Structures are given as C-alpha cells and as structure tokens.
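The values are calculated or read from the model by the stated rules, or taken from the named source; none is laboratory data. Source: prediction; values computed, not measured. Every residue, glycine among them, receives a Cβ derived from its backbone with ideal geometry; neighbour counts consider all protein chains shown. Just so you know, the surface numbers come from the protein's heavy atoms only, side chains and all, with ligands and any DNA or RNA stripped out. Shrake-Rupley method; radii C 1.70, N 1.55, O 1.52, S 1.80 Å.
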Amino acid sequence: MTIAFRDGRPGDGAAVAELFRDSFVATFGHLYDEDDLGSFLAGVKPDVFEAEIADARFAFRLAEEGGALAGFAKLGPDDLPDAGPAGIELYQLYVLEPWKGRGIAAALMDWAIAEGRRRGAAELRLTVYIENHRARRFYERYGFEEVGKYVFMVGNHADDDRIMRLTL
C-alpha cells in the first residue's frame with residue numbers, strides 16, 4: 001500500500017493521542033517506573049490534541065496507510081527557553097515501529113521545515129532525549145545543531161534533553 005499524507009483535522013485527536021502513547025511507550029517506556037510513566041500518559045488526552053488541531057497556531061501532518069495512522073508531526077509556538085520572536089517548535093514527530101524505514105519521518109520533517117518557512121519562522125527548534133541517538137542523527141542530517149539543555153518531565157522523572165535548532 002501507499003503512504004498518504006494529509007493535514008490534521010477535527011476528529012483526529014483520539015488517533016493522534018493513541019499513536020503518541022504507543023510510540024512513546026515503545027521507545028521510552030523502559031526508562032521510567034510505572035507511576036511516572038502512568039502520570040505522564042494520563043496527560044495525553046484526545047481533547048488536548050483536538051484543541052491544538054483547531055488552533056491556527058498549531059499545524060499537524062499525518063501519515064496514513066490503508067486508513068491506519070502510521071505517524072504524525074506537530075508544529076506550534078516555540079515555548080522553549082530563550083525562544084526568539086520568529087521561531088516555531090517541532091513538538092512531536094513520531095512514526096510507529098511497523099512503518100519505520102519507509103521514509104515517513106523524512107517526509108514529515110520536510111513538511112515541518114516547509115511549513116515553518118511558509119509561516120515566516122526564522123528557526124525551527126525541538127528537544128530530543130540525549131540518549132536517543134537515532135533521532136539525534138536524524139536531526140543532525142537536516143542541519144539541526146544543539147543549542148542548549150532542557151529538562152523534560154515524565155511524572156517525577158527528569159529527562160536530560162537537548163534543544164536543537166535549524167535556521168530556516
């Protein structure tokens with residue numbers, strides 16, 4: 001089957017929340033105790049994604065195959081420390097395991113960069129877990145550079161993340 005890409009639309013919140021939870025647990029779940037992971041995942045709610053999909057400050061791009069959601073990317077206002085006035089943040093870029101290696105992540109990143117430019121952003125920033133070497137290499141191939149540290153909370157567990165930036 002062919003991968004199809006489309007913008008997020010009302011009604012996608014539940015599927016996006018489920019993909020986020022599944023992908024996050026598959027990639028990072030082993031790092032946390034049950035209480036911290038459960039606390040974090042309790043905040044991953046379809047209505048939050050629905051509100052962001054309806055908010056013009058955010059943009060979602062979804063990848064689907066045969067009606068199944070395979071991955072997504074979410075852009076929005078840059079809320080990271082030292083944010084510039086003309087920046088945009090890549091909050092999430094997730095692809096489920098069965099679809100990895102099929103070019104979905106690259107297509108979503110290409111969209112994120114193009115969408116950031118279309119919105120007039122001067123830079124695109126994101127955070128990445130310091131030990132997520134696969135993701136770090138992926139971002140570096142696009143020209144992202146590390147510009148700072150960030151603490152990402154999963155329950156009461158503080159992850160050591162890095163802020164990466166790409167000048168658009």
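H133 exposes around 90 Å² of accessible area when a 1.4 Å probe is run over every protein chain in place. With Rh defined as the Kirkwood radius, the inverse of the mean 1/r over Cα pairs, the Rg/Rh of the chain is 0.93. For the stretch 12-28, the residues whose amide N sits under 11 Å from a probe point set 7 Å from the Cα of R6 along the beta carbon direction are 12. In this Cβ point-charge picture (+1 for Lys and Arg, -1 for Asp and Glu), the stretch 1-43 has a dipole of about 340 debye about its Cα centre.
In this view, the solvent-accessible surface of L168, computed with a 1.4 Å probe and all protein chains in place, comes to about 50 Å².
Taking all protein chains together and rolling a 1.4 Å probe, W99 ends up with roughly 40 Å² accessible. Using C-alpha pairs below 8 Å separated by at least 6 residues, the relative contact order for the stretch 19-159 is 23 percent.
Of K45, K74, K149, K100, the order by accessible heavy-atom surface (1.4 Å probe, DNA, RNA and ligands excluded), from most exposed downward, is K149, K45, K100, K74. Per residue, the convex hull spanned by the Cα atoms of the stretch 28-96 measures out at 126 cubic angstrom. Over the chain, DSSP H runs of length four or greater, each weighted -39,500 (n - 2.57), average out per residue to a 222 nm ellipticity of -10500 deg cm²/dmol.
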